Each structure stands twice: as structure tokens, then as C-alpha cells.
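See below for the structure under consideration.
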Amino acid sequence: MPLSWTDIDALIEAEVAGERFACRAGCAWCCHQLVVLTNWDDGREILRRARARMSPARYRQFVSEVRRQARAIEALGHAEAEGRRWPCPLLDNDRCTVYEVRPVACRSVFSRNADTCRAMMEHEDFAALTETQQREATEIGERAFRLQVMINDRRRIDGPVELRALLARLLNEDPGSGRESGTED
């Protein structure tokens with residue numbers, strides 16, 4: 001039986017219970033990077049939720065931005081793109097429009113210091129961070145990796161793919177998901 005979002009959140013909560021984090025609604029520093037999904041049904045649910053939540057005009061803008069970013073990331077290559085900032089096309093005023101179905105990668109990022117997150121997004125070079133920020137950034141990444149592995153060990157893996165590339169692929173596979181609102185590219 002597949003894990004529900006409630007199941008996933010409970011597993012993550014059990015791992016981080018009792019810890020204090022700086023993460024809060026509207027703090028979107030971590031939402032400006034590449035995000036890898038391993039379960040493609042997550043991408044399908046993200047598209048369903050985005051279409052249901054967004055106005056037709058906002059959904060057209062979202063689809064266009066997903067496709068634009070997916071092409072740009074592909075042109076650069078993942079390694080080069082990883083060092084750049086990519087504002088998530090699901091953000092609206094620094095809030096996730098599909099928060100309840102956000103990817104496991106997003107659910108597993110926790111920080112004790114929002115200033116470290118800001119510094120990580122403002123400096124492309126890890127060496128530009130202070131020693132404390134480097135230590136905190138490493139902790140954030142290691143925790144996120146451990147949580148993602150824990151979740152992925154309990155669910156079907158379709159293969160790793162970057163969020164924007166997967167959403168663009170799914171939009172192309174389901175012509176109605178992008179075209180019904182006039183969002184053909």
C-alpha cells in the first residue's frame with residue numbers, strides 16, 4: 001500500500017520530534033533550488049493540485065514557467081544548473097501553492113537558522129559561507145538526504161528526475177493538463 005502524505009509527514013515528524021527549526025510559512029529560501037522527485041505520482045498530484053488551486057491565468061503562467069525552466073536546466077546540464085538559483089514555479093508570494101502535496105525533498109529540509117538558508121541562496125560558492133554556515137548547511141543537506149532515503153525505502157521509486165523536468169514531461173504526456181487553459185508552448 002502506498003504511503004500517504006500523512007504517513008510521510010508522520011515518519012518525518014518522528015525523526016525530528018522535539019527539535020526547533022527556523023522554518024515557517026513565507027520563508028522560502030530553500031525554494032530556489034533544484035528538487036529531485038523519485039515517485040512520479042507525486043508530480044501528477046502536484047499538477048492536479050496546482051490546476052485546482054490556481055486561477056486559469058496563474059495556471060497558464062505556471063505551465064509556461066515550468067517549461068521554460070525545464071528547458072533552461074536541460075540546456076545547462078544538471079551539474080551546472082545545481083549551482084544556480086531556480087525559484088520554484090509553485091511559489092506564490094513566497095508560499096507553496098501545493099504545500100499539502102509538496103515533494104518529499106521539500107518536506108525533508110529543516111534549518112535551525114534562516115540566515116544560513118539565505119546565505120546559501122545568495123552565495124553560489126560554498127566557500128563564501130562562514131564556517132558556522134558551512135557546518136549548518138552541511139547538517140541541513142545531510143538530514144534532508146537521510147529523511148529522503150528513509151521515505152524512499154518505503155515507497156515505489158520510478159527513478160530520480162528534477163521537478164521541473166518531470167512536470168514538463170507529464171504536461172506533454174497529458175495534453176489536457178496544459179492545453180485546456182491555453183498553455184501550449
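Every number here is computed from the coordinates shown, using simple stated rules; none is lab data. Keep in mind that what you see is a predicted model, and the values were worked out from it rather than measured. Note that each Cβ is placed from the backbone with ideal geometry, even for glycine, and that neighbours are counted across all protein chains shown.
Between ARG154 and LEU91, what FRET efficiency comes out of the Förster formula 1/(1 + (r/R0)^6) with R0 = 25 Å and r the beta carbon distance, rounded to 0.05? All intermediate terms of the calculation are to be shown ahead of the outcome.
On the way: r = 28 Å, r/R0 = 1.13.
Approximately 0.35, to the nearest 0.05.
Could you pull out the longest piece of the chain with no exposed loop GluC sites (Glu not before Pro) in it, calling a site exposed if DSSP puts it outside H, G, I, E, B and it has at most 14 other Cβ atoms within 10 Å? Don't skip to the answer; put the middle values down first.
On the way: sites that count: GLU19, GLU124, GLU180, GLU184.
After excluding every exposed loop site, the longest remaining stretch is 20-123.
Using alpha carbons only, how many angstrom separate the centre of segment 9-61 from the centre of segment 85-155?
Taking the Cα centre of segment 85-155 as reference, the centre of segment 9-61 is 11 Å away.
Enumerate by residue number the trypsin sites (Lys or Arg not before Pro) in segment 1-60 meeting two conditions: DSSP loop (anything except H, G, I, E, B), and at most 15 other Cβ atoms within 10 Å of the site's Cβ.
ARG20, ARG24
Magnitude of the Cβ-charge dipole of segment 1-128, K/R +1 and D/E -1, about the Cα centre, nearest 20 debye?
Result for segment 1-128 is approximately 680 debye, rounded to the nearest 20.
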